[in-house]
Amino acid sequence: MLIGIDVGGTTTDAVLVENGDVVRSAYVPTNHDNLLSCLLLALDQITNDVPLQEIERVVLSTTLITNMIAEGKTDPVGLMLIPGPGTNPKEYHLGQNAQILDGAIDYRGREIQPLNESQINHSIQELKKKGFRKVAVVGKFGQRNHAHELKIAQMVNNALPEAQIELGHKVSGQLNFPRRAATTILTAATKEKYKEFANQIYAALKQRKITAPVYILKADGGTLPMDRSEAAPVETIFSGPAASIMGVMALMPTSQTSVVVDIGGTTTDLALILSGLPLLSSKGARVNGQLTHIRAFAVKSVPIGGDSAIDVCDASLTLGPHRNGPALCMGGSGPTPTDALRVLGLSDIGNAAAALKAMTDVAEKLGCTPEEAARKVVHGVVDKIVSEIGEMFRDWEQEPAYRVWEIMKKERLLAQNVVGVGGAAPSLVPLVAERLGAKAVIPKYAPVANAIGAAVARPTLTLNLRIDTERGEYTVAEDGLTAKLDGKNMNLEQAEQMARRLIIERANRLGIGEYAAEAEITYSEIFNMVRGWSTVGKLIDIRAEIPAGILPAWGRG
Amino acid sequence: MNMVSCAGKTGLVFFPAFDWAISPTHPEREERLLYTRDQIFEEGLMDLPEIVEYKPRLATSKDIARVHFCVPNVESLVTEAHLIAAGSTLTLSDALENGDIRNGFALVRPPGHHSMMVAHGNRGFCNVNNMAIMAEYLRSKYGHKKIAIVDTDVHHGDGTQDIFWHDPDVLYISFHQDGRTLYPGSGFPAEMGGPKALGKTLNIPLPPGTTDEGIHYVLDNFILPVLKDFQPELVLNSAGQDNHYTDPLANMRFSAQGYALLNEKLAPDICVLEGGYAIESALPYTNTGIIQAMAGLDYSHVKEPDYVPGKFLQSMEIKREIEATVKQLESIWASRDEMVQDALASTGQFYRRRKRIFYDTDMINETQEETVRMCDKCQGYMTIATTAQRGYGILNSAFCISLPRNACSSCREDVKEEFEDHKEDRKFNYIYLQDKQKDTYHSYDTRTRNQKDF
């Protein structure tokens, strides 16, 4: 038996699943001031009569980090930035607390300017004066050569032994310095509070004699043992949409292309599952306006939903983006799409007479019958959603590519299914699907798809390996690993084998070794370095990953 | 965050063609923009609100035929990489014309500025001329007339010069290392354009060793004032980066700061990358600086690892030489209208010239005979009889006819006749008609008697 609990913005949903079925489910209102209490309440409701030894795994998806950041409750972080030549670091808007340091590493990982120790000591004293206990150290190309970041960390540690220090290269081995800096700051800012939360979870589970391992859901739809996630808590941000998408993935046949439509009160969230794989955001998650290296599903939030306000201006309709309270048929004050659906008989939610009154008001301004007005409203909502879906597919097709074959393959995918989750989904999704020429699907367990997603998601893992045969070394930045190569020769096949071996080792260290067999090489590039008309070495970059997927224990699909 | 309105963005197409090379060890190989990729991605330039990245589309055969007579046909002369590089410039042109961007940079390879109007193969690493394809697209699709192309590559852009040689509405200005010391060996002040376009081709040869100071002297004292006189609708930059002091194929002393400042002053509507082969020591820094300058960002932090201000001092000798060249060009520019009048008075009904062209990459020798009708109602149609030889064998021969966009009815009639007459002329393998007025392009194979129109 698997347990999934999704602490969402308004409700906390929990399920107990077994053999592809939901055995128990619970909904509890979310208490933002005490996430732990609602989480445990939901847990207790689904486990009260279950033999505890049969629970194999508990997965949590929480808004903890999201809330912490939104409410400004993260810890202050002192940033030590080594920007080297290039962009003026001010253009990155990384906050007031940045100490800009001399020193530079280039794209090959070569030192092009040494550190300035007296300047670093001065910066450390500045941080000390301001009382920082968390320090992020990030250098441009620090992932290609960790020496500067390590040296500074050592100096900070000597001067401020109690400080918590986060290093950019450990956060991501990928290119993009400002994203790496933003992610490192977030890691430093959330780690301590996250650890407190995790400790409370461990204690509460122990108290309940639940011995099953506890996992956390990440933004990329993967799970990680909770204790291992303490190193990178920001990866758990936006796990709510990830939970829903993983739920849909679990409830739909494999390898199909689906649009996930989550229609709420004021917004509709759209996500794509392309040939069975959820689409990741090409630029990483945006947190507080800053792009990060956090891998997250591409979710588009459209400002339209069941409670969107309907206005008529010069005989034409506008829908949303604001909300006028609930629908008139639900005791609200103004006309909404929910009223229109009620009038057309597309839903049976709320008071029919009130809905008719809502549409009569709209109809008077438009000069038509209430039914016509309702049809126009629904048409408007469907139009908006359909055009945004079209744009998502276009954006995906227009993602830049840097190789001839990538441009030439000209892949075009069309939605096979439109899968609805959320309140207004059953009435609107069939209309959206019809317009797209796709099949409308409202899964049986749609209301708890998010909790199911958490329950059945398997671990994910990404490893970036870079090899420079001319310099005779390889690096796995996130592991802090730089080592000499045996010999100078290496081809792509050998490099990929090496990446597979390294990801298995990392998976074992993270306690998810049993999934390492699922690892795939998702990116690999090899360049001959030619100097003076002869080949002097190779530059190889490999990404190996265990992609988002569903546990075999779910037993479906 | 400082949000910039959409109309203020700089469009960027980055197409490094990581899977395309002329040959494995050729300067134009996969690795060329690798370190540039690393630098601009690590800088996070694409994430900045001032910059928007576009995926390139493919140029069509028609886009290419609008500029080139490809012998035997477009398909056999270009690879997909060429279509994408050329297409990148069209993607940016559309974004510019739609008002989505303020300016754009096609940071793409393979380059194009050595490709001439007739193209039998690759010369100077170029198969088709990305810059010219873009300029002609902008004119035919968006109705632009007056365009200035400033070629800032260290090599003379002899291809672009050839394509617009007779066109008085395209101002082609190139500064480059003196042709006596560098490929392709041309680009002297006396190369000024065809009889009706004299002074609309301006060549500024610079002595080897010219520094930031020298190039900015030319820019400030000649190029910018000339652009002000010419009043072009668009300024396009053939942005080669091989004037850099570390470039292995040339001998100039230009820096990343120099390049950034140049683009800030020139403020081109669209830049297209041409050459630049110091792939580690220059390109990551020059490209970063150019992108920042175009996007209005602070580029003062861009610096090559070994660069210090004042690294290169220009000798008095070089200074005097550059000043003398600028003086010579100023007088050419000042007397341009007069020169055209004189030329028209002394040229008969037709202007003729013979050219020999060597394709260094593909080892082809081409002979051309060019004829332009000195029409008093329009620019006059042009024909080119071309024969290409590789080794001891004849590769191809073709008769090419070009009808200008502003053609008069008499030129149009003559061109029709020329095309039909030459279909029976077995001296040539192929007959081409480039009808810019109708934007239609025709090719005829004299052996198979097949005609293709597009």
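Values in this text are rule-based calculations from the coordinates and carry no lab data. These numbers come from a predicted model, not from an experiment. Here Cβ is always computed from backbone atoms with ideal geometry, including for glycine, and neighbour counts include all displayed protein chains.
Please state, as a whole number in µm²/s, the translational diffusion coefficient that the Stokes-Einstein equation yields for the protein assembly as shown at 37 °C and 0.692 mPa s, with Rh defined as the Kirkwood radius across alpha carbon pairs.
D, rounded to a whole number, is 103 µm²/s.
Other chains' Cβ within 10 Å of B:29-42 residues: what's the mean? It would help to have the intermediate numbers written out before the result.
Details: counts 3, 6, 6, 2, 1, 6, 5, 1, 4, 8, 8, 3, 5, 17.
Mean shielding by partner chains, rounded to a whole number: 5.
What's the angle, to the nearest 10 degrees (0 to 90), between helix B:80-97's Cα axis and the longest principal axis of chain B?
80
Separation of the range A:306-381 and the range A:520-553 by C-alpha centroid, Å?
54
Give the separation of the Cα centroids, the range B:386-405 to the range B:115-163, in Å.
Value for the Cα centre distance between the two parts: 19 Å.
Antiparallel DSSP bridges in the range A:254-442: what percent, to the nearest 5? Let's see the in-between values first.
Working: 20 of 29 bridges.
Restricted to the range A:254-442, the bridges split so that about 70 percent are antiparallel.
Toward the positive end of the charge dipole of the range B:71-178, about the Cα centre and with charges on Cβ (Lys, Arg +1; Asp, Glu -1), which of B:G87, B:N98, B:G157 goes farthest?
Towards the positive end, the residue furthest out is B:N98.
Could you tally the net charge around B:R180, taking each other residue with its Cβ under 14 Å from the Cβ of B:R180, Lys/Arg +1 and Asp/Glu -1?
-3
Can you give me the long-range amide H partners of B:E53? Hydrogens built in the peptide plane at 1.01 Å from N, cutoff under 5 Å, separation of 5 or more residues or another chain.
B:L12
Size of the dipole of chain A about the Cα centre, Lys and Arg at +1 and Asp and Glu at -1 on the beta carbon, nothing else charged, in debye to 20? Don't skip to the end; give the middle numbers.
Details: 57 positive and 61 negative charges, 227 e Å.
Dipole of chain A, to the nearest 20 debye: 1100 debye.
Between A:P459, A:A182, A:M155, whose Cα lies farthest towards the positive end of the dipole of chain A when Lys and Arg beta carbons carry +1 and Asp and Glu beta carbons carry -1, centred on the Cα centre?
Of the candidates, A:M155 comes out farthest on the positive side.
Within 10 Å, Cβ to Cβ, of A:V421, how many net charges do the neighbouring residues add up to if Lys/Arg are +1 and Asp/Glu are -1?
Values: positive: none; negative: A:D262, A:D269.
Spelling it out: positives minus negatives among the neighbours equals -2.
Return one number: the angle in degrees, 0 to 90 and rounded to the nearest 10, between the long axis of the Cα atoms of helix B:130-142 and the longest principal axis of the Cα atoms of chain B.
Computed tilt is about 70 degrees.
Kindly express, to the nearest 10 degrees and within the range 0 to 90, the angle between helix B:34-43's C-alpha long axis and the longest C-alpha principal axis of chain B.
It is inclined by approximately 50 degrees.
Of all DSSP beta bridges in the protein assembly as shown, what percent run antiparallel (nearest 5)? Could the numbers behind the result be given before it?
Numbers: 104 of 176 bridges.
Just about 60 percent of them are antiparallel.
Calculate log10 I(q)/I(0) of chain A for q = 0.05, 0.06, 0.07 Å⁻¹, where I(q) comes from the Debye formula with a single equal point scatterer on each Cα and nothing for solvent.
-0.24, -0.35, -0.47
Net charge around A:A340, counting only other residues with Cβ within less than 9 Å of its Cβ (Lys, Arg = +1; Asp, Glu = -1)? Spell out each step's value before the answer.
Values: positive: A:R342, A:R375, A:K376; negative: A:D339.
After counting each charged neighbour, the total is +2.
Suppose we take every Cα in chain B and form the convex hull; what volume per residue is that in Å³?
Values: hull volume 61.9 nm³, N = 454.
Convex hull of Cα atoms, per residue: 136 Å³.
Could you tell me the distance between the Cα centroids of the range B:261-304 and the range B:65-101, to the nearest Å?
Computed from Cα coordinates, the inter-centre distance equals 23 Å.
Tell me which of A:A446, B:S186, A:A327 sits at the most positive position along the dipole axis of the protein assembly as shown, charges placed on C-beta atoms (Lys, Arg +1; Asp, Glu -1).
A:A446
Quick check for me: using +1 on Lys/Arg Cβ and -1 on Asp/Glu Cβ, what's the dipole size of the protein assembly as shown about its Cα centre, in debye to the nearest 20?
Values: 103 positive and 125 negative charges, 151 e Å.
Around 720 debye, computed over the protein assembly as shown.
Charges at C-beta only: +1 for Lys and Arg, -1 for Asp and Glu. How large is the resulting dipole of chain B about its Cα centre, in Debye rounded to 20? If you can, show how the numbers build up before the last one.
Details: 46 positive and 64 negative charges, 226 e Å.
That gives a dipole near 1080 debye.
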